[in-house]
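Undergrad: My questions will all concern the structure given below.
The values are calculated or read from the model by the stated rules, or taken from the named source; none is laboratory data. Keep in mind the model is a prediction, meaning the values are calculated, not measured. Don't worry about glycine lacking a Cβ; one is built from the backbone with ideal geometry, like all the others, and counts go over all protein chains shown.
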Amino acid sequence: MAKKLRFNSATIHGGQQPDKAYGSVMPPIYQTSTYAQTTPGAHKGYEYSRTHNPTRTALERSIASIENAKHGLAFASGMAAMDTILKLFQPGDEIISTDDLYGGSYRLMTQIFEKYGLKIHFVNMENPDTVAQFLNDKTRLIWIETPTNPMMKVVDIRAIAALGKDHNALVAVDNTFASPYLQQPLDLGADIVLHSATKYLAGHSDTVLGLLVVNDDALQEKLAFIQNSGGAVPGPMDCFLTLRGIKTLHLRMPRHCENGAAVAIYLQHHPKIEKVYWPGLVDHPNHEVAKKQMNAFGGMLSFVPQGGDLKTTINIVENLELFTLAESLGGVESLAGHPASMTHASIPKAVREKSGVVDGLIRLSVGIEDVQDLIEDLDQAIG
């Protein structure tokens, strides 16, 4: 399709065409490991499913379309995608990362790649000038989460991307919390965008998958080579489920955002809640940056009960009935989590508390249920 589609149409049609075999409207699940050749090297574009698979190709074209990218790559998980990015670098290279980030990302950087010689600087990126202080001739990557997990800090992608270009450093953005519906980092100057597609893109808590998008041909070739060599690839069923989820992203995200706003405002005015972290609140430190680079403020938020003691916090998450206490986020159902003991348990206590991840913090992934039911559930749990 030559015409550039608007976002809502691209989620359904972007990069897609009826299957050539029988005209199937939805890409078939090509559950095969290998492909017939008429003579050695003569095939229809596919040799072995670690390298390529038609269902995976359909998904990669879809994510490229809705992220305004030239290339998409699908992985077994978001962490597999991040692992592939970090393998671009050599011992002695330096990376600047947000100081508040997913615990699994922190673990991968510190417990795996630091021992192979990468030097990681964890920095509060709310002010781009802070990032500039850590840039040097060994800096190869600036790693951004925005909004961050779980403190909901917002990073000015355009400003950081400009710093990266001035110092010949790649800029990668984990866009999981926002999704392409709310934010398209390549348009703001980023070089690589990562998604844990397990979350909003797939949207139904039924698959695990990661995605990358890039515009640079040489960078795509390097990433694809590392992926194929290491085998960090998704199966066709997971690709199919993610592709199906993307087709309703533009319908789900507005409700996530509406419900997230209602829950954030309810919590902000609750006498037993000390602090609410959500980019849509006018007292959020980078609210204006969020307004500038995001189309809305999303369905993720965190809060701390009055006093912030662990016992009160655990009582709240245990008493929730409609919100499910569980890892992950971005599904149609609402989830609650206790980052200190769940998603960020791998980060040393002193380190996570320095970035705001205290024992009293609760993270909510606000789903698309009736928002009044969600507020009533929080009300009874908080007491």
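Undergrad: Report, by residue number, each residue of segment 41-72 that is touching a residue at least 40 places away in the same chain (Cβ under 8 Å), surrounded by fewer than 17 Cβ atoms within 10 Å (Cβ to Cβ) and out of contact with any strand residue (DSSP E or B) (no Cβ under 8 Å at 6 or more places or on another chain).
TA: Listed by number, the residues that qualify are ARG50, THR51.
Undergrad: Condition first: under 26 Å from LYS138 (Cβ atoms) and either touching a Pro at 6+ places or on another chain (Cβ under 6 Å) or assigned to a helix (DSSP H, G or I) (or both). Now tell me which residues in segment 176-206 satisfy that.
TA: The first filter runs over segment 176-206 and keeps only residues under 26 Å from LYS138 (Cβ atoms), leaving 185-186, 188-194.
Within segment 176-206, PRO185, LEU186, LEU188, VAL193 meet the criteria.
Undergrad: Is it the case that some residue within segment 50-72 is in a helix (DSSP H, G or I), among the small types (Gly, Ala, Ser), at pLDDT 95 or above and within 14 Å of the chain's Cα centre (by Cα)?
TA: Taking segment 50-72 and keeping what is in a helix (DSSP H, G or I), we get 54-66.
Pick out the ones that are also among the small types (Gly, Ala, Ser) and you get 58, 62, 64-65.
Narrowing further to those that are at pLDDT 95 or above: 58, 62, 64-65.
Filter once more, so that each one left must be within 14 Å of the chain's Cα centre (by Cα): none.
No, the conditions are met nowhere in segment 50-72.
Undergrad: Mind telling me which of the residues ILE314, ILE347 ends up being farther than 19 Å from PRO254 by Cα and touching a Phe, Trp or Tyr at 6+ places or on another chain (Cβ under 8 Å)?
TA: On the way: ILE314 fails: touching a Phe, Trp or Tyr at 6+ places or on another chain (Cβ under 8 Å).
After ruling out the rest, the residue left standing is ILE347.
Undergrad: So, in segment 121-155, how many residues would count as being under 25 Å from ASP359 (Cβ atoms) and not in a loop (DSSP other than H, G, I, E, B)?
TA: 3
Undergrad: May I pose another question? Which residue out of ASN228, ASN259 is under 24 Å from ALA58 (Cα atoms) and not in a loop (DSSP other than H, G, I, E, B)?
TA: None of the other options fit; the residue is ASN228.
Undergrad: Evaluate segment 327-348: report whether one residue or more is modelled with pLDDT under 95, among the β-branched types (Val, Ile, Thr) and out of contact with any Cys (no Cβ under 6 Å at 6 or more places or on another chain).
TA: Yes, there is a match, as at least one residue in segment 327-348 is modelled with pLDDT under 95, among the β-branched types (Val, Ile, Thr) and out of contact with any Cys (no Cβ under 6 Å at 6 or more places or on another chain).
Undergrad: Out of all the residues in segment 100-116, is one or more part of a loop (DSSP other than H, G, I, E, B), in the same structural domain as ALA162 (by TED's automatic domain parsing) and touching a Leu at 6+ places or on another chain (Cβ under 8 Å)? Before the answer, list the steps.
TA: The initial filter retains those residues of segment 100-116 that are part of a loop (DSSP other than H, G, I, E, B), namely 100-102.
Imposing the further condition that a residue be in the same structural domain as ALA162 (by TED's automatic domain parsing) reduces the set to 100-102.
Next, only the ones that are touching a Leu at 6+ places or on another chain (Cβ under 8 Å) stay: none.
No - not one qualifying residue is present in segment 100-116.
Undergrad: Sticking with this structure for a sec: Do you know which residues across segment 341-370 are over 11 Å from GLY103 (Cα atoms), out of contact with any Leu (no Cβ under 8 Å at 6 or more places or on another chain) and in a loop (DSSP other than H, G, I, E, B)?
TA: SER355, GLY356, VAL358, LEU361, ILE368, ASP370
Undergrad: So the check is Cβ under 7 Å with 6+ separation or different chains; which pairs have a first residue in segment 243-258 that's more than 20 Å from ASP373 (Cβ to Cβ) and a second one that's surrounded by fewer than 20 Cβ atoms within 10 Å (Cβ to Cβ)?
TA: If the second residue must be surrounded by fewer than 20 Cβ atoms within 10 Å (Cβ to Cβ), the pairs left are GLY245/HIS204; LYS247/ILE12; HIS250/PHE7; HIS250/ASN8.
Undergrad: Residues in segment 280-291: is at least one part of a loop (DSSP other than H, G, I, E, B), without any contact (Cβ under 8 Å) to a residue 12 or more places away in the chain and β-branched (Val, Ile, Thr)? Explain how you work it out, then say what you get.
TA: Of all residues in segment 280-291, those part of a loop (DSSP other than H, G, I, E, B) come to 280-286.
Cutting the leftovers down to without any contact (Cβ under 8 Å) to a residue 12 or more places away in the chain gives us 282-283.
Filter once more, so that each one left must be β-branched (Val, Ile, Thr): 282.
Yes, the conditions are met somewhere in segment 280-291.
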